1. Checking residue 84 against (1) at pLDDT below 90; (2) not in a helix (DSSP H, G or I), which test does it fail?
2. Answer yes or no: is there a residue in the stretch 65-75 that is free of Cβ contacts under 8 Å to residues at least 24 places away in the same chain, of a type in the set (A, V, I, L, M) and more than 16 Å from residue 11 (Cα to Cα).
3. Applying the selection to the stretch 61-114, what residues are hydroxyl-bearing (Ser, Thr, Tyr), within 13 Å of the chain's Cα centre (by Cα) and open to solvent by less than 30 Å² (accessible area, probe 1.4 Å)?
4. Taking only the stretch 36-57 into account, find how many residues are part of a strand (DSSP E or B) and modelled with pLDDT under 90.
5. How about the stretch 11-32: which of its residues are modelled with pLDDT of 95 or more and of a type in the set (A, V, I, L, M)?
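The values are calculated or read from the model by the stated rules, or taken from the named source; none is laboratory data. Bear in mind the structure is a predicted one, so any value in this text is a computation, not a measurement. Using ideal geometry, Cβ is built from the backbone for each residue, glycine included, and neighbour counts are taken over all protein chains shown. Surface areas here come from the heavy atoms of the whole protein model, side chains and all, with no ligands, DNA or RNA. Shrake-Rupley method; radii C 1.70, N 1.55, O 1.52, S 1.80 Å.
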Amino acid sequence: MVTSSAHLRILLVVPAERRREFVRQLLPLHAHLVFANSSGQTDEAINDDDIFQVAILPATFRDTAWWNLWGVLGLLSNRPAILVYAREATFQLWSGVLESGGYDVIVEPFSDVEIRSAVLQAAQNFEERLSSDS
């Protein structure tokens, strides 16, 4: 389990107009939230020594943006558990996310409880992977 929710760091790739919504939904977790508006801004948001337990990404990226972002996250020494959010979760999307090493797909609109639960479960997965790699 994440040692403390205060140590929980989440990378969110969300449009600027949705940031307030995510902040409100995740506020009870007391997590450190790092935002990027697009896949191109993630390089600026991520430092090599940063550890993100969870990354929350939209399913609406074009293919090249997806692979670029996935490559950036994959190069991190501790790859975060990746949650993808989408308006609908097709089998193709869900299986593609899992096969690429992502953690799960969450379907919008999601309730506060659903997003917090998904983040905590993803963080738990990150911690389990980290401890099994040691």
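1. (1)
2. Among the residues of the stretch 65-75, not one is free of Cβ contacts under 8 Å to residues at least 24 places away in the same chain, of a type in the set (A, V, I, L, M) and more than 16 Å from residue 11 (Cα to Cα), which makes the answer no.
3. Hit for the stretch 61-114 is 85, nothing else.
4. Within the stretch 36-57, residues that are part of a strand (DSSP E or B) and modelled with pLDDT under 90 number 1.
5. Within the stretch 11-32, 23, 26, 27, 29, 31 meet the criteria.
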